[in-house]
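Reading through the structure tokens given below for one structure.
The values are calculated or read from the model by the stated rules, or taken from the named source; none is laboratory data. Bear in mind that the values here come from a model prediction, so they are computed numbers and not experimental data. Reconstructed Cβ throughout: ideal geometry from the backbone, glycine too, with neighbour counts over all protein chains shown. We work out accessible area using only protein heavy atoms, side chains counted, and drop any ligands, DNA or RNA first. Shrake-Rupley method; radii C 1.70, N 1.55, O 1.52, S 1.80 Å.
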Amino acid sequence: MNPQAPVYVRAEDDAWLTAVYYHFHAWSGRRPFWAGLFTLLGGLPIAYFPYADLRLGNVSLAMATTGGAGALIIGVLLITLGLALWFQETIRVFAGVAAILLALVSIPVSNLGGFFVGFLLSMVGGALALAWAPGRPAEEAAQPMAEQQADPVGLTKAEATADMGAQGVPGPRGTETAYASETTAHADGGRNSAG
């Protein structure tokens with residue numbers, strides 16, 4: 001969602017469905033919604049196919065394998081990661097890496113990653129989670145560039161380079177000692193005494 005987008009204010013004549021749509025759109029725009037959705041949907045076929053029974057007339061085709069428990073664990077973890085991306089957007093990097101790793105592990109464990117459907121959905125969800133970044137508020141984006149380039153100490157770039165010499169080499173600051181021999185590290189022949 002665009003952080004400069006106007007905030008929806010409900011009018012009295014709006015239908016409740018319109019209000020629900022705009023509230024959902026605002027909620028999903030503040031978190032990696034699509035990453036969570038793809039990860040959640042990727043976990044469903046991975047967990048489902050090892051336990052599915054397919055009937056073709058009188059023939060029953062069962063996909064139950066010895067890796068059924070592993071497939072169920074991977075599927076449930078992917079579903080949990082998808083829900084966590086919706087409600088805890090701060091863990092997006094961990095959830096993205098975990099979704100990609102679980103998708104890769106699902107290839108040998110659970111019927112080729114849910115016949116590649118769950119594998120592809122989980123890989124896309126993990127990649128979207130890693131690529132998502134929260135938007136900045138409009139006030140922060142409107143600041144001039146000189147204010148944004150201030151270093152953590154609170155100095156701008158011009159103030160930080162004010163004490164540079166002729167060749168761009170910084171000189172001594174007010175907090176540094178003029179000579180190295182005055183420090184305690186060099187006292188008593190370079191040995192320090194503790195206690």
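With all protein chains in place and a 1.4 Å probe, the accessible surface of region 64-130 carries 83 percent carbon and sulfur. Shown in residue order for region 81-91 are the 3J(HN,Hα) couplings computed by the Karplus curve 6.51 cos²θ - 1.76 cosθ + 1.60 at θ = phi - 60°: 5, x, 5, 5, 5, 6, 9, 9, 5, 6, 9 Hz (x for Gly and Pro).
Here the spin labels are modelled as points 7 Å beyond Cα on the Cα-Cβ line, and at F115 and A26 they lie 4.3 nm apart.
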